[in-house]
Amino acid sequence: MKFKNNIILALDVQEKKEAYSIIDQIIDYLDTIKIGYPLTLAEGPTIITDIKKEYDVQIICDFKVADIDATNEKIVRTTLNRGADSIIVHGFTGEDSVLACKDTAEELGKEIFLLTEMSHPGADRFLKPVSLEIAKMGVELGITNYVAPATKLDRLKKIREIVGKNSTIISPGVGVQGGKAKDTLQYADGAIIGRSIYNSKSPQDTLESIINSLK
């Protein structure tokens, strides 16, 4: 998966009208949108289908799938059948749960992103100690897409070293959480940016400024 301007919009608003307004302002600059629980639960899963139908974008559903294999299969199949191109899944649940996601996505001609480590401080207690092992497991399972934190460049660098240069990494935490897009893109293929853009008085101007900072 490639990303226009190496930026992904995390669209964590809760109303369809607001979501469409933001997309309209930034669609010329981006081709990938990450949709999570806030918008999906507020508007229903049809919002995935609607955005895919209305806009020429790639949709990554950030549902952080983390259940037993049989349940994971149902979550992934339902989400991807709604029109999402890929879905983010947790790795700490282990091989069987992750493979259920991977196999289901591949059956549908789509992809998963394996979450190794999260961007917020609280992740240091439980995820940080195992994140590198999660990345290694992903490589062993043949996974080529990963999520790693923009707020912890040392960790992002180590995860890149494990998964290799041919894998795709997307990184949350750019903007409000403190990550810098230019620094992040030393190691990641896509910087995920949410609140800095969608809470801005002018999402377009903010995004243009971020893109210009990459030059």
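The values are calculated or read from the model by the stated rules, or taken from the named source; none is laboratory data. Please read all numbers here as calculations on a predicted model, not as lab measurements. Note that each Cβ is placed from the backbone with ideal geometry, even for glycine, and that neighbours are counted across all protein chains shown. Note: areas computed on protein heavy atoms with side chains; ligands, DNA, RNA excluded. Shrake-Rupley method; radii C 1.70, N 1.55, O 1.52, S 1.80 Å.
Return the only residue of Val89, Val76 being over 19 Å from Asn199 (Cβ atoms) and either under 14 Å from the mean Cα position of the chain (by Cα) or small (Gly, Ala, Ser) (or both).
Result of the check over Val89, Val76: Val89.
Scan segment 66-91 and report the pairs whose first residue is under 19 Å from Ala10 (Cβ atoms) and polar (S, T, N, Q) and whose second residue is modelled with pLDDT under 95 and open to solvent by less than 50 Å² (accessible area, probe 1.4 Å), with Cβ atoms within less than 8 Å and a gap of 6+ or a chain change.
That search, which allows pairs on different chains as well, returns Ser86/Met1.
Looking at segment 104-149 only, could you name the residues that are closer than 19 Å to Ile60 by Cβ, touching a Phe, Trp or Tyr at 6+ places or on another chain (Cβ under 9 Å) and not polar (S, T, N, Q)?
Answer for segment 104-149, where residues must be closer than 19 Å to Ile60 by Cβ, touching a Phe, Trp or Tyr at 6+ places or on another chain (Cβ under 9 Å) and not polar (S, T, N, Q): Phe113, Leu114, Leu115, Ile134, Ala135, Gly138, Ile143, Tyr146, Val147, Ala148.
Quick check on my filter: what residues within segment 161-215 are charged (D, E, K, R) and either out of contact with any Phe, Trp or Tyr (no Cβ under 9 Å at 6 or more places or on another chain) or more than 16 Å from Phe3 (Cβ to Cβ) (or both)?
Scanning segment 161-215 gives Glu161, Lys165, Lys180, Lys182, Asp183, Arg195, Lys201, Asp205, Glu208, Lys215.
For residues that are touching a Phe, Trp or Tyr at 6+ places or on another chain (Cβ under 9 Å) and of a type in the set (Asp, Glu), scanning just segment 51-85, find the one that is farthest from Glu95 (Cα to Cα).
Glu54
Restricting to segment 44-94, what's the tally of residues that are among the β-branched types (Val, Ile, Thr), open to solvent by 20 Å² or more (accessible area, probe 1.4 Å) and either farther than 20 Å from Met137 by Cβ or not in a loop (DSSP other than H, G, I, E, B) (or both)?
5
What are the residues in segment 177-215 that are among the hydroxyl-bearing types (Ser, Thr, Tyr), assigned to a loop (DSSP other than H, G, I, E, B) and either under 23 Å from Gly142 (Cα atoms) or open to solvent by 40 Å² or more (accessible area, probe 1.4 Å) (or both), if any?
Listed by number, the list holds a single entry, Tyr187.
Out of the residues in segment 1-43 that are closer than 21 Å to Asn81 by Cβ and outside any helix (DSSP H, G or I), which is most open to solvent (accessible area, probe 1.4 Å)?
Met1
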